[in-house]
Amino acid sequence: MDDYSKDSQVEQSFDDVNMSRQLFGDHNKNLKKIADALAITLNVRGNTVSITGDSISTDLARNILVQLYGLLKEGFPVYPRDIDHAIKTLSADDRVKLKDIFMDTVYVTATKRPITPKSPVQKEYIDAIRTHDIVFGVGPAGTGKTYLAMAMAVAALSAGDVSRIILTRPAVEAGESLGFLPGDLAEKVDPYLRPLYDALHDMMHFEKVAALTERGAIEVAPLAFMRGRTLNNAFIILDEAQNTTSEQMKMFLTRIGFNSKAVITGDVTQVDLPREKTSGLIETVRILDNIDGIRFITFSKDDVVRHRLVMKIISAYEKSDLQKANAGQNQ
């Protein structure tokens, strides 16, 4: 590993050799990830890590290692992606306790993989869904807005807290009429609803999803199909809400019935509506912001949990949009 600085050198030992190996990763890959991210040098001798670099970075690296080791001792499996999340989270606030975030299991998938929040904002989002009947998750792609909401919905259905899950999103490109597309209704709406099915199948076996769908315990439908209904005893997720019109958003929010919970997700920078149409999500953030019982959680690019390049792509587009806006002001 590159030797970036020798301002400070500290050592950290771990009492369990096998767990320390898990922490370090195959061929010390986890340590290299931390060293590269913080521009420090990490050297291993047995179950002891020598950390060399500037004092702030060495303290941060030690904090990351100690907290990740604590997760391993609690039985939480630490994957390479968790290393990235730990670096990002503790770099932003070294007082955060990773245990409070990573070990808050929302749901355990059919493949025994626990779904947990990976950032303070994701944890806040999960807690908001637990305590509020209507929650808005607003932010860029890849921040886990829909996926975590889906996990909460599946967990609620499995626990018997609700009798059905309703997943919906606007079919903007089809103009909500869907009549001009070839094929039957299912074939017409499938492209718009496929991401919701993908998330479901990531959590539950295909056969179970099919069985629950057949008996009406899981319903995936375009937003237009919600009109005129009252949705009782349900966990409802409205995805891609930035593409609802004002009328559609009002229609959806007034469908929510007794013992129901609704999560509305969207990215206000990705509106596909015609220019003359106002985004229902953008309008709702302004209108409903101060109503008790409704919670708005705002995600940023720092909460992206997809491939590390996704955050860089979002940042690049944000920079481009800012340059365009500045250019427009100067004309």
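The values are calculated or read from the model by the stated rules, or taken from the named source; none is laboratory data. Bear in mind that the values here come from a model prediction, so they are computed numbers and not experimental data. Note that we place each Cβ from the backbone using ideal geometry, even for glycine, and neighbour counts take in every protein chain shown. Surface accessibility is based on the protein's heavy atoms, side chains included, excluding ligands, DNA and RNA. Shrake-Rupley method; radii C 1.70, N 1.55, O 1.52, S 1.80 Å.
Report, to the nearest whole %, how much of the accessible area of the chain belongs to carbon and sulfur atoms, 1.4 Å probe, protein only. Provide the component values of the computation, followed by the final result.
Numbers: 8690 of 17220 Å².
Heavy-atom surface of the chain belonging to carbon and sulfur, 1.4 Å probe: 50 percent.
Rolling a 1.4 angstrom probe over the protein heavy atoms, how many square angstrom per residue are accessible across the chain? Intermediate results must be reported in sequence, preceding the final value.
Details: 17220 Å² over 331 residues.
Accessible surface, normalised per residue, equals 52 Å².
Please report the relative contact order for the chain, taking Cα pairs under 8 Å with a sequence separation of at least 6, and give it as a percent rounded to a whole number.
On the way: 526 pairs, mean separation 55.5, N = 331.
Once normalised by length, the contact order is 17 percent.
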Per the C-alpha gyration tensor (a ≥ b ≥ c, the square roots of its eigenvalues), the stretch 89-176 is rounded if a/c is under 1.5, else prolate if a/b beats b/c, else oblate; here it's oblate
Computed ³J(HN,Hα) along the stretch 252-265: with the Karplus parameters 6.51/-1.76/1.60, θ = phi - 60°, integer Hz and x for glycine or proline, the list is 5, 5, 8, 8, 6, x, 6, 6, 10, 10, 10, 10, 10, 10
Stretched fully, the stretch from Y197 through R229 gains (0.36 nm per residue minus C-alpha distance, one decimal, in nm) 9.3 nm
Length gained if K324 through R286 is fully extended, taking 0.36 nm per residue and subtracting the Cα-Cα distance, is 11.2 nm
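Can you check what the net charge comes to around N232, using other residues whose Cβ is under 14 Å from the Cβ of N232 (Lys, Arg +1; Asp, Glu -1)? Walk me through the numbers before you get to the answer.
Values: positive: R164, R229, R255, K261; negative: D133, D161, E219.
Net charge in that neighbourhood comes out at +1.
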The stretch 131-164 scanned against label point 7 Å out from D104 along Cα→C-beta; backbone N under 11 Å for 131
Counting only DSSP beta bridges fully inside the chain, the antiparallel percentage to nearest 5 is 35
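Pop the C-beta distance of E124 and R45 into the FRET formula with R0 = 30 Å and round what comes out to the nearest 0.05. Intermediate values should be presented prior to the final figure.
Values: r = 40 Å, r/R0 = 1.33.
Efficiency computed from Cβ-Cβ geometry: 0.15.
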Here the stretch 193-207 yields Karplus 3J(HN,Hα) values (6.51, -1.76, 1.60; θ = phi - 60°; whole Hz; Gly and Pro given as x) of 9, 4, x, 5, 4, 4, 5, 4, 5, 6, 9, 10, 4, 3, 5
Whole-Hz Karplus couplings 3J(HN,Hα) for the stretch 93-108, θ = phi - 60° and coefficients 6.51, -1.76, 1.60, Gly and Pro as x, run 7, 6, 8, 5, 9, 4, 4, 5, 8, 5, 9, 7, 6, 7, 7, 9
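For E214 and K277, what is the calculated FRET efficiency with R₀ set at 30 Å and r taken between the beta-carbons, to the nearest 0.05? Kindly include the intermediate steps, with their values, before the conclusion.
Working: r = 36 Å, r/R0 = 1.20.
According to the calculation, E is roughly 0.25.
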Taking Cα pairs closer than 8 Å and at least 6 residues apart, the relative contact order of the stretch 1-111 in percent is 28
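When ranked by the protection proxy of mean other Cβ atoms within 10 Å per residue, highest first, what sequence do the peptides 221-229, 101-109, 272-280 form? List each step's numbers first, then the result.
Details: 221-229: 16.0, 101-109: 17.8, 272-280: 14.3.
My ranking of the peptides, most packed first, is 101-109, 221-229, 272-280.
Give me the extension gain from A159 to D15: residue separation times 0.36 nm, minus the current Cα-Cα distance, reported in nm with one decimal.
48.0 nm
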